[in-house]
1. Quickly run through region 82-104 and pick out the residues that are touching a residue at least 24 places away in the same chain (Cβ under 8 Å), out of contact with any strand residue (DSSP E or B) (no Cβ under 7 Å at 6 or more places or on another chain) and farther than 13 Å from GLN11 by Cα.
2. Report yes if GLU107 is free of Cβ contacts under 8 Å to residues at least 12 places away in the same chain and either aromatic (Phe, Trp, Tyr) or in a helix (DSSP H, G or I) (or both), otherwise no.
3. Evaluate region 89-99: report whether one residue or more is in a loop (DSSP other than H, G, I, E, B), surrounded by 13 or more Cβ atoms within 10 Å (Cβ to Cβ), β-branched (Val, Ile, Thr) and in contact with a Phe, Trp or Tyr (Cβ under 7 Å, 6 or more places away or on another chain).
4. Within region 23-41, is even one residue assigned to a loop (DSSP other than H, G, I, E, B) and closer than 20 Å to PRO81 by Cβ?
5. Would you please name the residue that is farthest from PHE100 (Cα to Cα), looking only at residues in region 22-50 that are exposed (fewer than 15 other Cβ atoms within 10 Å of the Cβ) and acidic (Asp, Glu)?
6. Can you find, within region 52-81, the residue that is nearest to GLN11 (Cα to Cα) among those that are surrounded by fewer than 19 Cβ atoms within 10 Å (Cβ to Cβ), touching a strand residue (DSSP E or B) at 6+ places or on another chain (Cβ under 8 Å) and of a type in the set (A, V, I, L, M, F, W, C)?
7. How many residues are touching a helix residue (DSSP H, G or I) at 6+ places or on another chain (Cβ under 9 Å) and part of a loop (DSSP other than H, G, I, E, B) if we restrict to region 1-22?
8. How many residues, within region 42-56, are farther than 19 Å from PHE20 by Cβ, in contact with a helix residue (DSSP H, G or I) (Cβ under 8 Å, 6 or more places away or on another chain) and without any contact (Cβ under 8 Å) to a residue 24 or more places away in the chain?
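Values in this text are rule-based calculations from the coordinates and carry no lab data. Source: prediction; values computed, not measured. Here the Cβ positions follow ideal geometry from the backbone for every residue, glycine too, while neighbour counts run over all protein chains shown.
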Amino acid sequence: MSNELLKNWEQVVEFISERFEHKNPDLNAILFIIGVRELGTITEQYFSKDEKVMLMHIATCKILSYSGYYELEGVDNSGWPQWKPIKQIPSLDISEQELFLKQHIIEYFNKEQIIEFI
């Protein structure tokens, strides 16, 4: 991971940590938070295990949409975003997948004007 990417990732982790009882979030926790944000549900709602997986999927589709991998089709009757795959995600090993997602999460926080990276 480049120094700039590492610094930006640490900013994302710190940003989330400061807002959620100073817990050090992992990649899945950050995807879950993005998914909740994209769903638009800010209340203290309980999500089932399946819904949590769906929220992480929503987040993954959203962050990868910036690179043209997914496109938002709309929302279903329950208000959940529905995404359509546009192009194939590259075949990556686990560490490459993690780096790929981190790069896109950083882009999400930047493009959504949540964090201004230095």
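1. Listed by number, the residues that qualify are ILE89, GLU98, LEU99, LEU101, HIS104.
2. Numbers: free of Cβ contacts under 8 Å to residues at least 12 places away in the same chain: no; either aromatic (Phe, Trp, Tyr) or in a helix (DSSP H, G or I) (or both): yes.
Taking the combined requirement at face value, the residue does not satisfy it.
3. Within region 89-99, one or more residues are in a loop (DSSP other than H, G, I, E, B), surrounded by 13 or more Cβ atoms within 10 Å (Cβ to Cβ), β-branched (Val, Ile, Thr) and in contact with a Phe, Trp or Tyr (Cβ under 7 Å, 6 or more places away or on another chain).
4. Checking region 23-41: at least one residue is assigned to a loop (DSSP other than H, G, I, E, B) and closer than 20 Å to PRO81 by Cβ.
5. So, considering only residues that are exposed (fewer than 15 other Cβ atoms within 10 Å of the Cβ) and acidic (Asp, Glu), the one farthest from PHE100 (Cα to Cα) is GLU44.
6. LEU72
7. Counting residues in region 1-22 that are touching a helix residue (DSSP H, G or I) at 6+ places or on another chain (Cβ under 9 Å) and part of a loop (DSSP other than H, G, I, E, B) gives 2.
8. At the first step, the residues of region 42-56 found to be farther than 19 Å from PHE20 by Cβ are 48-50, 53-54.
Remaining after also requiring in contact with a helix residue (DSSP H, G or I) (Cβ under 8 Å, 6 or more places away or on another chain): 54.
Add one more test, that the residue is without any contact (Cβ under 8 Å) to a residue 24 or more places away in the chain, and what stays is none.
Summing the residues that are farther than 19 Å from PHE20 by Cβ, in contact with a helix residue (DSSP H, G or I) (Cβ under 8 Å, 6 or more places away or on another chain) and without any contact (Cβ under 8 Å) to a residue 24 or more places away in the chain in region 42-56 gives 0.
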